[in-house]
Amino acid sequence: MQKKTSPFHTKLKATGIHLLISLFIFVLLVLWIYLDLYPSFYFNMSGGIQGLGLMFGVDVVLGPLLTFLVFNPHKKLREIISDLVIIGLVQLAALVYGLHTVYQEHPKLVIMYQNNVATVLSHREVREDEQLQKINLSQLTHLEGVSLAKYQVVNGKGQFMPLNNVAQDLAQLDVFSRKFIDERNSAALKQLEQQHGKVWMIPVMGKYTGAYIVVDKDLNYLGKIGEKPVS
């Protein structure tokens, strides 16, 4: 005699299937966010972790939770399909909203200011600035996949411009940075110099943390030191 499956077991099974599908989608989102939108040191600095937390909530938690609450095996097949379609649409709407938010806040441009600090600007901030919209970001120098420019005051007017002499601009930031690092960070810098030769330090401020980014002469990222939350 075949054992009868309880309604609760059926509900759990449906929830589990939905959870597996949601986890698969979430893994794809993790790869996209970590490798493309928030690469390298930008992941911590500009909110990649917060973005993943948002996507986890709307994709992995919301959908399966709604399935668990709504799914009823005693309903007619037509009603079950209707419920699942509504759940799917709610989850899709939340997912699109989450993706839009994560995309708008991903790092788009690093600006080196004359106060010897570089700031990471998001896609939204660049899009909302009329002067920055005129810059062809693809033609700029890049730091770990994100465009790099500088801000200078020329004839009394502030302008965003490309780095015409990368070595000179980075050397200026490096000299400034070395004046303020403590003994522990100085030791970490010396270790990187022993491994890679001449290096430059760039003080970079992101949305959530700031750190000294260490690069070689070709702007290859070597590491970060002294990372702290932005107060």
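The values are calculated or read from the model by the stated rules, or taken from the named source; none is laboratory data. The shown structure was predicted, so the numbers you read here are calculated from the model rather than taken from an experiment. Virtual Cβ from ideal backbone geometry, glycine too; neighbours counted across all protein chains shown. When the accessible area is computed, the model is the full protein with side chains, heavy atoms only, and any ligands, DNA or RNA have been set aside. Shrake-Rupley method; radii C 1.70, N 1.55, O 1.52, S 1.80 Å.
Could you check, for the stretch 201-221, whether at least one of its residues is among the charged types (D, E, K, R), under 22 Å from the mean Cα position of the chain (by Cα), modelled with pLDDT of 90 or more and on the phi > 0 side of the Ramachandran plot? No; the residues of the stretch 201-221 include none that is among the charged types (D, E, K, R), under 22 Å from the mean Cα position of the chain (by Cα), modelled with pLDDT of 90 or more and on the phi > 0 side of the Ramachandran plot. Using the structure shown, decide if P73 is farther than 25 Å from Y38 by Cβ and touching a residue at least 60 places away in the same chain (Cβ under 8 Å). Against the criterion (farther than 25 Å from Y38 by Cβ and touching a residue at least 60 places away in the same chain (Cβ under 8 Å)), P73 qualifies. Only one of the listed residues (F56, F43) is open to solvent by 50 Å² or more (accessible area, probe 1.4 Å), among the aromatic types (F, W, Y) and part of a helix (DSSP H, G or I). That residue is F56. Within the stretch 177-231, the set of residues being assigned to a strand (DSSP E or B) and β-branched (V, I, T) comprises I202, V204, T209, I213, V214, V215, I225.
All of T119, T67 fail the test of being under 24 Å from the mean Cα position of the chain (by Cα), polar (S, T, N, Q) and crowded, with 16+ Cβ neighbours inside 10 Å, apart from T119. Of all the residues in the stretch 138-164, those that are open to solvent by 70 Å² or more (accessible area, probe 1.4 Å) and free of Cβ contacts under 8 Å to residues at least 24 places away in the same chain number 6.
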